[in-house]
Amino acid sequence: MELFDNLLLGLSTALQWNNLFYCLIGVVIGTAIGVLPGIGPIPTVALLLPFTFGLAPASALIMLAGIFYGAQYGGSTTAILVNVPGETSSVVTCLDGHEMAKQGRAGPALAIAAISSFFAGTVATIVIAVLALPLGALALKFTAVEYFSLLVLGLFAAVILAHGSVSKSLAMVFLGLLIGTVGIDVNSGVARMTFGVPALADGLDFVPVAMGMFGLAEIIANLERPAVRQVVSQKLRDLVPSRADLKAAFPAMLRGTFIGSALGVLPGGGAALPPFTAYALEKKLAKDPSRFGKGAIEGVAGPEAANNAGAQTSFIPLLTLGIPANALMALMIGALMMQGIQPGPQVMTEQPELVWGVIASMWTGNLMLLIINLPLVGLWVSMLKIPYRLLFPAIVLFCCIGTYGISNSAFNVWLMLGCAVVGYFFIKVGVEPAPLLLGLVLGPQLEENFRRAMQLADGDPSVFVTRPISALLLAIVAIMLLAMLSPAVLKTRKRALAE
Amino acid sequence: MTRRRFDWPDLAFGAFLIAVAAGTLVATRGLNGGTAADMGPGYMPRAIALILLAFGLFFAGRGLLRGHVGIEPVQLRPILGVGVAVGVFALLIENAGLALASFAAILIAAAASRESRFFEVIVFGLAVTVGAVLLFIKALALPVSIWPW
């Protein structure tokens, strides 16, 4: 069985002492930023990127992945205990989780959240392992033509499934693509839009862009809102859920895992969409929907399972095709490139221990999360007592040092400042910055493949629709765009995202 | 949000895109465009700029016609505090060393919030500076000096 061989290979990588250590660091940092509202995984991963340079590629990716799924665990802790979602993905957990806590059942709620997450994480690891092989094999047949179409599909799907206005997000993708063309053109060696700045010759580094737009702009916007008083007063008694709790939660857990795994694989998927869908489904299936919002345990189990499964399966397009499903995966691509690895389907055959090691580490990481989250929950909650007025200057400083650290240039710090101002403008006019980051990271790949495809086809753009795989991919894009224009779909999408 | 004559967020975003597109077209005017079969360095930036221009005109037009949405007022204190802190860090880091740059950045950033307290910030700033030096220079070996001398 090739699958088991691969998983064994992965486990042997993931279980090396140093990789276990980096996995632990990743999940601990992930839990911490998940607990703290106001700082998310994107600036954190961006901040740590420069320092993964010295690590082995597998260790670096294992740690960064741990931050992402660890944040999903931490986010639910604050959602349940304080009614403040640490991450967007745990917004729905607030509804029933906090209600349970108010009824004095915080212990079982936390335990069910952690168990659901662990269960979903385990299943998702297997889903990744099963899907990775056929997808990777398919992708090896791709030429520049198919690659271009696949990238287009990825970008469009990411825009349509993400929240926010579709037309504005599309404009942001193109803006990202444009920024991606800055630097020396690889084919002709001519500098484009560098304005004579030598630091721009290699193109804009996406770490300062990500930290400025996601980290600093977010802080500036947070400071404009009045501070929220946080009340933490919950004695945590027995964490063990009763047999009835488990029985009620288990089917919801299964369904949540399934939804999360399916939605996570889609481009644009990730941890945000699945929990909303899972919650809506549980409410629809329940015999007595009125219990929801009043402490229904299914309302915790389903979404929690879904967000963890989604967080993990969103690695599939990255590991098999080299295409990021969301902005965070775009940063992972950056991490690979810093290690000198060109992301794409060939990574699976050339570096199997890297890909399978990362997949297997998700399981060891989930096990660690279960242990560091349940018995140590009190420690994480006490972190919430750090007031935001102290937290934000420290985040600003770490962003500065991290950006400077990428290439020891003050230019990147200035660039981050500029991006913070532009990011603040985007927040003010209500535009999501995530599609821009995707465009920026995918831009050079997209241009390279487009140019190569057009060269092969002698400048005839019909090549994209006469090749079967490429035609199919572009047809999916066309169907999605048409569907978005139909008023019925538009309404459902609005409702699904608003709920 | 007050009722306005225009949809200000759309209008502002549209104007921004038009400005970016125009800037790109000006900046790439010296580059060779080439043909579709053999693209020059200017082909893609110009093509994308034209698409952005279309998006910009669409949003700006819609903003002018639809109307009735305002933008929440900009508060100067947060953006100035954070912005100046980052700028000062960028100016200090290469010549004055990490310790001074960090301490200055923390102090200035703290001024962005109305809730900051003077002595608390001083103590906290010193603690974070020591922590940053230990973490980034001692543990992660960032090649930058600690002190100006």
By a straight-distance test (C-alpha under 14 Å), which aspartates and glutamates pair with A:Lys284 as possible cross-link partners, with residues fewer than eight away in the same chain excluded?
A:Glu298, A:Glu499
Report the Cα centroid-to-centroid distance between the stretch A:167-195 and the stretch A:75-133 in angstrom, as an integer.
39
Charged-residue dipole, Cβ positions (Lys, Arg, Asp, Glu), the stretch A:1-160 about Cα centre, Debye nearest 20
200
Nearest 10, in degrees from 0 to 90: the angle of helix A:273-285 to the longest Cα principal axis of chain A is 40
Three-way shape call for chain B based on the alpha-carbon gyration tensor, with the a/c threshold at 1.5
oblate
Mean Cα-pair separation over length for chain B, i.e. relative contact order, pairs under 8 Å, 6 or more apart, %
25
Taking beta carbons within 10 Å but only from partner chains, what does the mean come to for residues B:47-59?
4
Give, to the nearest whole percent, the P(r) tail of the stretch A:385-460 beyond 20 angstrom, counting all Cα pairs.
58
Would the stretch A:313-404 count as rounded, prolate or oblate if I go by the C-alpha gyration tensor, calling it rounded below 1.5 in a/c and otherwise prolate when a/b exceeds b/c, oblate otherwise?
oblate
Given the C-alpha centroids of the stretch A:329-406 and the stretch B:59-114, what is the distance between them in whole angstrom?
26
Mind checking the angle between helix A:410-428 and chain A's longest principal axis? C-alpha axes, 0 to 90 degrees, to the nearest 10.
60
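Go through A:Lys102/A:Lys294; A:Lys168/A:Lys283; A:Lys247/A:Lys287; A:Lys102/A:Lys247 and tell me which ones have a Cα-Cα distance over 20 Å in this structure.
A:Lys168/A:Lys283; A:Lys102/A:Lys247
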Report, in degrees rounded to the nearest 10, the 0 to 90 angle that the Cα long axis of helix A:144-161 makes with the longest principal axis of chain A.
40
How do B:Tyr43, A:Tyr279 line up, fewest other C-beta atoms within 10 Å first?
B:Tyr43, A:Tyr279
Mean shadow area of the stretch A:245-331 over all directions, Cα convex hull, nm²
5.5
If the reach is capped at under 13 angstrom between alpha carbons, list the aspartates and glutamates near A:Lys428, excluding any in the same chain fewer than eight residues apart.
A:Glu218, A:Glu224, B:Asp7, B:Asp10, B:Glu72
Diffusion coefficient in µm²/s returned for the protein assembly as shown by Stokes-Einstein, Kirkwood Rh over C-alpha pairs, 25 °C and 0.890 mPa s, is 96
Give me the one-decimal Kirkwood hydrodynamic radius in Å for the stretch B:8-66, with the sum taken over alpha-carbon pairs.
11.9
Given the DSSP H assignment, sum -39500 (n - 2.57) over each helix run of at least 4 residues in the protein assembly as shown and divide by its residue total; what's the result at 222 nm in deg cm²/dmol, nearest 500?
-22500 deg cm²/dmol
Neighbouring partner chain Cβ atoms per residue of B:90-101, average, 10 Å criterion
3
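Averaged over peptide A:412-424, how many Cβ atoms belonging to another chain are found within 10 Å of each residue's Cβ?
Mean shielding count: 3.
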Cut-off 11 Å between beta-carbons: net charge of the residues surrounding B:Ile79, Lys and Arg +1, Asp and Glu -1
+1
Least to most buried among A:His98, B:His68 (fewest other Cβ within 10 Å first):
B:His68, A:His98
What is the order of A:Trp414, A:Trp356, A:Trp363, B:Trp147, fewest Cβ neighbours within 10 Å to most?
B:Trp147, A:Trp414, A:Trp363, A:Trp356
Spelling it out for B:Gly34: with amide H atoms placed in the peptide plane at 1.01 Å from N, the residues 5 or more places away or on another chain with amide H under 5 Å from its amide H are B:Gly40
Please sort A:11-22, A:215-226 by packing, taking for each peptide the average over its residues of neighbouring beta carbons within 10 angstrom, highest first.
A:215-226, A:11-22
What aspartates and glutamates could a cross-link reach from A:Lys385, if we take a straight Cα to Cα line under 19 Å and drop same-chain neighbours fewer than 8 places away?
A:Glu87, B:Glu115, B:Glu120
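Quick note: the coordinates plus some simple rules give every number you see, no bench work behind them. All of these numbers come straight from a predicted model, not from anything done at the bench. In this analysis, Cβ positions are derived from the backbone assuming ideal geometry, glycine residues included, and neighbour counts consider all displayed protein chains.
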